Amino acid sequence: MIQRDFPYETVNTFLRSCTDAFMPKTVQRLLRAEGVRIDVQEVTDFLDGHPSVFFLSGGRYITRAGIFTNACFSIKPQRFEIESGILIIGHRCMPFADPEMLPHELSFTFSGMTIRKKCIEIASDDVLDMYRLFGEEYVPQFLGLDPGNEDRDFARNDFEIPNRIFLTVCDMRALYKKWDFSYGDRLSARLLNWNEGLIEILPVKEMRSHIFESTEENDVRERWYEHLENALISAIEKYGPCQSIEEQLACTFVDNTDVLCIPGCGSLDEYLGRTKKIVFAEYGVETRLWKKGEECTASSWRDRFESGIDVSETLYGEIGIPLPEFMVDAYILDSLYRKDKGIRDVFKRIIPSSFVLEEWQLKTFLLHLETKYVILSETYNRFTDFNKGEVRSRALKLYSALVKLICDLDSCGLPADLFPQQDLVVLSQLFAHTGHLVEALLYQENLSDKDLSAALASLEGMTFSFEDIEEILVSVMENKKKDAFSIVK
């Protein structure tokens, strides 16, 4: 059980820079040196749920920084990039770079010199394929977050990407000229510093005089494509859809670093352009890599729902609902924004009407709400909260509806395989996305009108998706209830 005063910042700082395998006791000793006394099991629980930490044999762990620092990967620039003297970053450093860093935040070097970036106007059709590993559904957001588009609000047009956009790219004109770089050549890349997103690149010339010539370099690359295909299929079978395509790829490469993270490797883009066995597949409202001809589903919607929630940071023990503490704060702030009369109004929005609390749970939760309400109301300023208050209120309305449907499904007694699997996946995704949105509204300061507009557009889309699946899932529950009764003559 992770306590609420767990030193997250200190441990995360360690994990971002640690490149060697380590034991939970290593972290415990680090914390003790900082004056923090903590049980080793609590450290282990934290590491087991951390997205940037992987378990090794013998109770050891290793971070993404440890796996991918000095790992090699490959980028093959397209013809128009070479002619324009640029390199588009996009998803090309996935899964090696920190997934929390945006493409324009990564830095590239050659011979110790940092490669300059510049902003250009470009046809959107030329760049979309270089962002698709983020998931087709997220491409507009990634493009919209590029500094070149900070004055443009894609959300106003339902995230429809305009024909031409601005994009931050690496200025490669001088280097392409220096290297006599031409189409067919590639860049060998190596991650130097995971925490800082620093990547070294070197030119690799195409040695074949014609496409039918076989060279040792091409033979190595062909074997790499075979290894990647086998590794991807194994990862899909072992890990399933994961939380994203990026996580699918991270698991694939972590399990096969010896054959995939090598000099002379090919690129993910080239592999995806030639494979006959792996496709981009719909997974609820998202996209995943999957085996061609098979439906992309989780083994259990409940497993997916529960695995995405760390109940140690929630009120699960008190009320039986995995409600994060930040969500309680959000509901209270929403109550203050709405000028409710008191905590009973907050309680009604948090706890579904169909969910019954025992007397001790009710008293415990109401006391918790009252304590938090007093603390937050003392510093609440409706004037400064007004801009994002309405967005937060809409998000919480959707979140409450999602929790109610999840509780209804949980209590109906029907096995998950009686429900449409994709609709169950969408439900778990909407639950996670809405929670992340509320958290962002709660903690991110100085949200711009563009940010709030994007949040509203996202909420509108998620609400439509929820209404669609709610009708289907409720219909299944009602029909099965009818089937459970028979007329007695």
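The values are calculated or read from the model by the stated rules, or taken from the named source; none is laboratory data. The model shown is predicted, which means the values in this text are computed figures rather than measured ones. Cβ: placed from backbone, ideal geometry, glycine included. Neighbour counts: every protein chain shown. Just the protein is used for accessible areas: all its heavy atoms, side chains included, with ligands, DNA and RNA removed. Shrake-Rupley method; radii C 1.70, N 1.55, O 1.52, S 1.80 Å.
Remarks
- Residues Glu196, Glu445, Glu439, ordered by accessible area of protein heavy atoms at a 1.4 angstrom probe radius and largest first, appear as Glu445, Glu196, Glu439.
- Counting only alpha carbon atoms, the long axis of helix 382-411 and the longest principal axis of the chain meet at about 80°.
- Shape of the range 377-489, Cα gyration tensor, a/c cut at 1.5: prolate
- Radius of gyration, Dmax [the range 10-69; alpha carbons; angstrom]: 10.7, 31
- Pairs of alpha carbons in the chain whose separation is greater than 28 Å (percent): 62 percent
- Förster-model FRET efficiency, 41 Å R0, Asp151 and Tyr380, C-beta, rounded to 0.05: 0.80
- Cβ-derived FRET efficiency at R0 56 Å, Gln41 paired with Asp219, nearest 0.05: 0.70
- Isotropically averaged projected area of the range 362-434, using the convex hull of Cα atoms (one quarter of hull area), nm²: 6.8 nm²
- Area of Phe466 that stays accessible when all protein chains are in place (1.4 Å probe, Å², to 10): 10 Å²
- For the chain: accessible area per residue (Å², 1.4 Å): 52 Å²
- For the chain, the longest principal axis of the C-alpha atoms and the axis of helix 449-483 are separated by about 60°.
- Averaging the Cα positions of each part gives two centres, and for the range 373-437 and the range 16-58 these lie 32 Å apart.
- Here the range 125-196 has 42 percent of its accessible surface on carbon and sulfur atoms, given a 1.4 Å probe and all protein chains in place.
- Residue-by-residue Karplus 3J(HN,Hα) for the range 13-23, coefficients 6.51, -1.76, 1.60, Hz, glycine and proline x: 4, 4, 5, 6, 10, 6, 10, 9, 5, 8, 10
- Global geometry of the range 45-193, whether rounded, prolate or oblate, following the gyration tensor of its Cα atoms and the 1.5 cut on a/c: oblate
- Lysines whose Cα lies under 29 Å from that of Lys276, excluding same-chain neighbours fewer than 8 positions away: Lys76, Lys205, Lys238, Lys291, Lys292
- Ordering Leu459, Gln243, Tyr443 by the projection of their Cα atoms onto the charge dipole of the chain, which places +1 on the Cβ of Lys and Arg and -1 on the Cβ of Asp and Glu, puts Tyr443 at the extreme positive end.
- Across the chain, C-alpha contacts under 8 Å between residues 6 or more apart give a mean separation that, scaled by the residue count, equals a relative contact order of 14 percent.
- Tilt relative to the chain, helix 245-254 - C-alpha long axis, 0 to 90 degrees, to 10: 60 degrees
- Summed residue charge, Cβ within 11 Å of Ile201's Cβ, Lys/Arg positive, Asp/Glu negative: +2
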